[in-house]
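Have a look at the structure below before the remarks.
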Amino acid sequence: MAAQRIGQGVEADPQQHTGEYQEQSGRKIPGENQSCSEQHDPDAADCDSPNEIVASLGPFISGDRHIKSFSAAAGQGTLSANALAIKTASTRWFDAAARTVQTGEKRTGGGRLSFISKWAGLLGLLAVIVIGDQIRINRPGHKYRLTVEVTTPDGIRTASGILAVVPDRNYNRGGRTTIHGEAVFVDLGQGRNLVALLAHQQGTKLDLDDINYVAVRAYGATRGNRVSFTDINRQVGIVPVQGEVIPVLVSFGDVRDPTTARLVAADHADVVLGDGYAIRGLTAEVVPNGFWPIDFGGVLGEPVTRGIEAKLPWLAAPGDQAATALKAAGLPATGAVEAREAFARK
């Protein structure tokens with residue numbers, strides 16, 4: 001009997017199912033074109049051909065000819081719409097979550113950079129304050145040029161050095177005024193020399209502080225009134241250094257041997273140096289401080305004079321060579337460190 005239509009609630013003939021299953025698997029249905037002709041039924045034209053059955057089942061057969069249930073076919077549109085809505089909602093949720101994570105990362109990274117920049121700025125400001133304060137404390141109060149002139153049989157020999165005086169600017173005011181520079185070495189020729197030390201002799205004592213006040217006292221003596229540290233930078237011109245303001249003068253018979261040091265009297269230099277030699281004079285001149293600590297010369301300012309160790313090589317040697325030189329000159333003995341300060345101050 002011919003298969004009843006599924007739409008009428010009757011299930012198809014098992015033989016027909018077999019054919020459809022075979023068709024699903026891609027094989028040709030045996031006797032597809034012979035379902036009625038092989039029976040020689042005169043009413044064969046009334047039989048439903050497979051093509052007609054398939055056509056009638058169109059709403060219930062998918063594109064790949066899979067049979068669907070009525071309920072599945074009926075709910076296809078709703079399920080598809082729901083699936084699309086779920087998919088769209090899921091996509092939006094993940095997109096929103098991704099944007100939230102990215103925004104959080106950006107905010108976290110920006111906050112970290114802002115934190116680092118803030119602390120870097122504070123540390124930089126602190127460094128500027130500390131450096132500026134050190135410059136204020138160690139910057140010279142004034143500089144002066146100490147010049148020594150000596151008359152020799154061959155003419156006048158001159159040498160000078162720049163000295164920097166640094167007043168006590170510490171907050172506790174427990175320090176002392178210091179000086180940077182070196183003794184002035186005058187090459188007189190013929191193996192002779194004269195050295196103006198960074199020291200003064202006060203009876204039996206060697207004073208290492210009076211050298212700080214040479215310019216102040218020299219200008220005061222010349223002007224006829226007291227000149228303070230505050231006013232010294234406003235002084236102009238060259239003034240003589242005389243009397244007790246003159247530092248200790250020595251001469252070395254051999255610059256390589258500190259034991260050959262001899263004390264030279266400012267008014268009787270020929271006793272040590274020989275006939276024809278005399279101290280013509282010492283002078284002081286205030287010079288601009290310049291841009292300390294980059295006062296390398298020129299418009300930046302004249303630097304403190306260095307190079308005494310090249311002229312008195314034993315100063316660079318270890319030991320108490322400076323004390324030996326002072327002792328040989330008949331000056332009061334001092335410790336190794338203090339003795340060296342008579343020749344150089346860093």
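The values are calculated or read from the model by the stated rules, or taken from the named source; none is laboratory data. Computed from a predicted structure; not experimentally measured. For neighbour counting, all protein chains shown are included, and Cβ atoms are generated from backbone atoms with ideal geometry for every residue, glycine included. Surface accessibility is based on the protein's heavy atoms, side chains included, excluding ligands, DNA and RNA. Shrake-Rupley method; radii C 1.70, N 1.55, O 1.52, S 1.80 Å.
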| query | Can you find even one residue in the stretch 219-234 that is out of contact with any Leu (no Cβ under 7 Å at 6 or more places or on another chain) and under 27 Å from residue 318 (Cβ atoms)? | reply | no
| remark: Residues of the stretch 247-265 being part of a loop (DSSP other than H, G, I, E, B) and open to solvent by 40 Å² or more (accessible area, probe 1.4 Å), in sequence order, are 253, 254, 255, 256, 257, 265
| How many residues, within the stretch 171-229, are part of a loop (DSSP other than H, G, I, E, B) and of a type in the set (D, E, K, R)? | 4
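Counting just the residues of the stretch 299-324 that are within 33 Å of the chain's Cα centre (by Cα) and among the small types (Gly, Ala, Ser), which one comes out nearest to residue 184 (Cα to Cα)?
Selected residue: 307.
Taking the stretch 214-230 only, how many residues are in contact (Cβ under 8 Å) with a residue 24 or more places away in the chain and either open to solvent by 10 Å² or more (accessible area, probe 1.4 Å) or among the hydrophobic types (A, V, I, L, M, F, W, C) (or both)?
So the answer is 6.
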| request: Count, please, the residues in the stretch 271-296 that happen to be part of a loop (DSSP other than H, G, I, E, B), open to solvent by less than 50 Å² (accessible area, probe 1.4 Å) and farther than 20 Å from residue 179 by Cβ. | output: 3
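Pick from 127, 120, 159, 164: which is in contact (Cβ under 8 Å) with a residue 60 or more places away in the chain and not acidic (Asp, Glu)?
164
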